[in-house]
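Asks: Here you go, one structure.
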Amino acid sequence: MEGAIAVYRDPGDSGSRRVFGLSYLAELLVRHGRPDEATEVLRELASTCTDDWSVDELCTHLAAQGRAGDGLAFLDALGFDEWEFFRMRLELMAGCGRLDEALELAAAHPEGGTGYAAETVAGLLAGAGRTQEAVDVLERPGSGWGSRALAGYLLDLGRVKDAVAVLQRPVLRPTWPAPVGPVDGPPF
């Protein structure tokens, strides 16, 4: 175990090896019952590489450890407001028992009417056991991106034929850049 830790910690001169090595090291530490050490490794990673992937690694880990509030504090310290960081905020708020507040923030966000916002909101609702509401969000016109997620939620509700029909529809993805702002209002 200590040999693997040393290898992950000393990646040589490769920046990408360093980044992924720290992520793999955190996974190894969690698997071996050392989640606090994994947190420190991921804090180091997210503090030096403040891209959304690195920060998401830390926030996801903290939420899994029952420390979603610590993830929110980390995001607050960064001060980024791009959608990917905002999405993390919504998930952490839900993890703190603040789902309704997260839904209100999502509806008010400039990107709240996009398909990827609808998919995020649906995931939060389904995660809270509000699967029918998640389906309602993804069935609205303009929600566009969540057909696989919609099919999964329909299956959870026992609506197999509807799920199959969703999966058989052609997938229409928006062209980039994705439209910003509500199509017909927020997707929820």
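Readers should treat all values here as calculations from the given coordinates under stated rules, not as data from a laboratory. Only a predicted model underlies this, so the values are computations on that prediction, with no experimental measurement involved. For neighbour counting, all protein chains shown are included, and Cβ atoms are generated from backbone atoms with ideal geometry for every residue, glycine included.
Asks: For Cα pairs less than 8 Å apart in space and 6+ apart in sequence, what is the mean separation divided by the residue count of the stretch 47-98, i.e. the relative contact order in percent?
Replies: Contact order relative to length: 38 percent.
Asks: Around residue 167, under 15 Å between beta carbons, what's the net of Lys plus Arg minus Asp minus Glu among the other residues?
Replies: Around residue 167, the surrounding residues sum to +1.
Asks: Let me ask something else. GluC sites (Glu not before Pro), restricted to the stretch 1-89: which are DSSP loop and have at most 15 other Cβ atoms within 10 Å?
Replies: 82
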